[in-house]
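**Q** Got a structure here, written out as structure tokens. Questions coming.
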Amino acid sequence: MENIKRVTFTSKIGVVAAAAGSAVGLGNIWRFPSQTADGGGAIFIFVYIACILFFGIPVMMSEFIIGRSARANTAGAFHILAPGTQWKWIGRLGVLTGFIIMGFYMVVAGWTLIYFLQSITGNLHTVNDFSIHFTNILNDPLKQSVWMIVFSFLTSFFILSGVRKGIEKSAKIFMPILFLLLIILAIRSITLEGAIQGLNFLFKPNMEHVKQTVFLDAMGQAFFSLSIGMGCLITYGSYFNKSINLTKTAVQVSILDTLVAVLSGVIIFPAAFALTSSPDTIVGELVTGGPGLLFITIPELLNQMPASMAWSALFFCLLALAALTSTISLMEVVTVYLFEEYKISRRKSTIFVTLGVIILGIISSYSSVFFNILDMASAKYMLPIGGLFISIFVGWYLKQQLVTAQITNEGKLRFGVGFIKFYIFLLRFIAPIAILSIFVYGLTG
Ligand code: PHE
């Protein structure tokens, strides 16, 4: 059978790097800070971390279990584990979700390329007002489309290079450098004069800004940031070998992902407060600042540093790379689905998917309404719905023996019986009830 000789990642580090590479991306550095500002700072972070613990990690483990036991693409995996049932639709929903996410994510990834080029040519260095600068880019859909297309091709190049050479290698190199740079920037930001207000905003609960949708937003952000709910990690899990500890991997990836998100907050908020000329309006601006936060505040911060051109070139290059390891994981899901389910070559399916993504991306570049619909629909609704069914599938449908065998690597790893019971309990009751109640609460608000 084809799935027996399926390729695997070569090492444990490669596995964590690839999964963390998928998780860490624009979701952490661009989406998390603006969602946090919108959700009232610390309260949002608190709910976010609860989401990671109660259903983030359990759903991530479930995806690994499904992927490694079925050794197939997302839809194929449900088909193999639950033949003759309708579960395959959850896999198909995941593939569709991945496609939709790429439709707006590639546009933002294109912005990172624009900023990168402007930093090496020195253009960014001469900008006086970064909000005007960013607005100008937003008002230039042609430019956005061009760079979105470049980014889509870049992604497809890695997909064509394959699982080991493309996915694993790129993540192993890029992730550590990104982490180091974020730490340097965070230190720089919190040592600015006036930075403390930013830290207060981030870590002190501010009840005034809390909205009823904070739970829904935090849940969506958790799913989006961890890359769960659409089978991305089912696909990656299908490349894990027998010796990978699924629990440990899920915990490590979630910790890394959360650290990067919080670090981004620690870079952006102190800088935003310290560098503003209008301290009275800054909180309001942050709350309405939305997606622009990263592209306005960070270049401003970088411009104030010595050797600013080098720093901003490095930062935007790494941001683009963080986005790239995520777009690679998204494109991989849709591509393997096509080539395994419809038996077309990897090359042909990559070309097909890339063209589809470019069409969505062009519409997103020209219409911010469309862009926002794709963002909201995928993060707030499609991923949590996928996650809900994935937890039900592993908690209720799959045989507990199979789940236990996957978690313990056929009995080779020692986990107390209590641990596995607790995990199944989370999947059966806590995760689905939490996800459903957040939906009901958020939607009736
Ligand atoms: N987790 C990625 C990020 O934070 C985005 C992503 C979502 C990737 C879903 C794959 C699947 O940028």
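**Q** Quick test for you: out of F371, F316, F389, pick the one residue that is more than 29 Å from I137 (Cα to Cα) and either open to solvent by 30 Å² or more (accessible area, probe 1.4 Å) or part of a helix (DSSP H, G or I) (or both).
**A** Among F371, F316, F389, only F389 is more than 29 Å from I137 (Cα to Cα) and either open to solvent by 30 Å² or more (accessible area, probe 1.4 Å) or part of a helix (DSSP H, G or I) (or both).
**Q** Of the numbered conditions (1) more than 26 Å from G265 (Cβ to Cβ); (2) open to solvent by 10 Å² or more (accessible area, probe 1.4 Å); (3) within 16 Å of the ligand (Cβ to nearest atom), G98 satisfies every one except a single condition; which is it?
**A** The failed condition is (2).
**Q** How many of the residues in the stretch 329-343 are part of a helix (DSSP H, G or I) and more than 9 Å from the ligand (Cβ to nearest atom)?
**A** First, the residues of the stretch 329-343 that are part of a helix (DSSP H, G or I): 329-341.
Then drop every residue that is not more than 9 Å from the ligand (Cβ to nearest atom), which leaves 331-332, 334-341.
Of the residues in the stretch 329-343, 10 are part of a helix (DSSP H, G or I) and more than 9 Å from the ligand (Cβ to nearest atom).
**Q** Same structure again: Give all pairs with beta carbons closer than 6 Å in which a residue from the stretch 126-147 that is in contact (Cβ under 8 Å) with a residue 24 or more places away in the chain meets a residue that is assigned to a helix (DSSP H, G or I) and open to solvent by 70 Å² or more (accessible area, probe 1.4 Å); count only pairs at least 6 apart in sequence or on separate chains.
**A** P141/Y366
**Q** What is the one condition in (1) within 12 Å of the ligand (Cβ to nearest atom); (2) open to solvent by less than 10 Å² (accessible area, probe 1.4 Å) that G103 does not satisfy?
**A** (1)
**Q** Can you tell me which residue within the stretch 405-420, out of those that are modelled with pLDDT under 95 and in a helix (DSSP H, G or I), is surrounded by the most Cβ atoms within 10 Å (Cβ to Cβ)?
**A** I420
**Q** I need a count of the residues in the stretch 403-436 that are small (G, A, S) and under 29 Å from the mean Cα position of the chain (by Cα). Before you say what the answer is, go through the steps one by one.
**A** Going residue by residue through the stretch 403-436, those that are small (G, A, S) are 405, 411, 416, 418, 431, 434.
Then keep just the ones that are under 29 Å from the mean Cα position of the chain (by Cα); that gives 405, 431, 434.
Total meeting the criteria: 3.
**Q** A further question on this structure: How do the pairs read when you match residues in the stretch 34-48 that are within 11 Å of F201 (Cα to Cα) and part of a strand (DSSP E or B) with residues anywhere that are open to solvent by 20 Å² or more (accessible area, probe 1.4 Å) and aromatic (F, W, Y), using Cβ under 9 Å and keeping only pairs 6 or more apart or on different chains?
**A** Close Cβ pairs satisfying both conditions: G41/F203.
**Q** Which of the residues belonging to the stretch 69-95 are open to solvent by 10 Å² or more (accessible area, probe 1.4 Å), within 16 Å of the ligand (Cβ to nearest atom) and of a type outside the set (V, I, T)?
**A** R92, L93
**Q** Residues of the stretch 4-63 being among the β-branched types (V, I, T), closer than 23 Å to L318 by Cα, surrounded by fewer than 24 Cβ atoms within 10 Å (Cβ to Cβ) and within 16 Å of the ligand (Cβ to nearest atom), which ones?
**A** First pass over the stretch 4-63, keeping only residues among the β-branched types (V, I, T): 4, 7-8, 10, 13, 15-16, 24, 29, 36, 43, 45, 47, 49, 52, 57, 59.
If we keep only those that are closer than 23 Å to L318 by Cα as well, we get 13, 15-16, 24, 29, 36.
Narrowing the set further to residues that are surrounded by fewer than 24 Cβ atoms within 10 Å (Cβ to Cβ) leaves 13, 16.
Hit for the stretch 4-63 is V16, nothing else.
**Q** Looking at K399, K380, which is the one that is over 30 Å from N136 (Cβ atoms) and among the charged types (D, E, K, R)? Talk me through it step by step, then tell me what you get.
**A** On the way: K380 fails: over 30 Å from N136 (Cβ atoms).
The match here is K399.
**Q** Tell me the helices (runs of 4 or more DSSP H) entirely within the stretch 172-263 that contain at least 1 residues that are within 14 Å of the ligand (Cβ to nearest atom).
**A** Numbers: elements: 195-203, 214-226, 232-237.
It comes to 214-226, 232-237.
**Q** Another one. Going through the stretch 351-380 one residue at a time, which ones are of a type in the set (S, T, Y), free of Cβ contacts under 8 Å to residues at least 40 places away in the same chain and under 30 Å from L53 (Cα atoms)? So that I can check it myself, show each step before the final result.
**A** Filtering the stretch 351-380 down to residues of a type in the set (S, T, Y) leaves 354, 364-368, 378.
Applying the additional criterion that residues be free of Cβ contacts under 8 Å to residues at least 40 places away in the same chain yields 367.
Across the stretch 351-380, there are no qualifying residues.
**Q** Yes or no: I159 under 22 Å from L330 (Cβ atoms) and modelled with pLDDT of 90 or more? I'd like the intermediate steps shown before the answer.
**A** Values: under 22 Å from L330 (Cβ atoms): yes; modelled with pLDDT of 90 or more: yes.
Considered against the rule, which asks whether it is under 22 Å from L330 (Cβ atoms) and modelled with pLDDT of 90 or more, I159 comes out as yes.
**Q** Then there's this: Of the residues that make up the stretch 424-445, is at least one in a loop (DSSP other than H, G, I, E, B), open to solvent by 10 Å² or more (accessible area, probe 1.4 Å) and touching a residue at least 60 places away in the same chain (Cβ under 8 Å)? Steps first, please.
**A** Going through the stretch 424-445, the residues in a loop (DSSP other than H, G, I, E, B) turn out to be 444-445.
Next, only the ones that are open to solvent by 10 Å² or more (accessible area, probe 1.4 Å) stay: 444-445.
Now restrict to residues that are touching a residue at least 60 places away in the same chain (Cβ under 8 Å): 445.
Within the stretch 424-445, one or more residues are in a loop (DSSP other than H, G, I, E, B), open to solvent by 10 Å² or more (accessible area, probe 1.4 Å) and touching a residue at least 60 places away in the same chain (Cβ under 8 Å).
The values are calculated or read from the model by the stated rules, or taken from the named source; none is laboratory data. Values in this document were obtained by computation on a predicted structure and should not be read as measured data. Neighbour counts run over all protein chains shown; Cβ positions are idealised from the backbone, glycine included. Note: accessible area is taken over every heavy atom of the protein model, side chains too, but ligands, DNA and RNA are not part of it. Shrake-Rupley method; radii C 1.70, N 1.55, O 1.52, S 1.80 Å.
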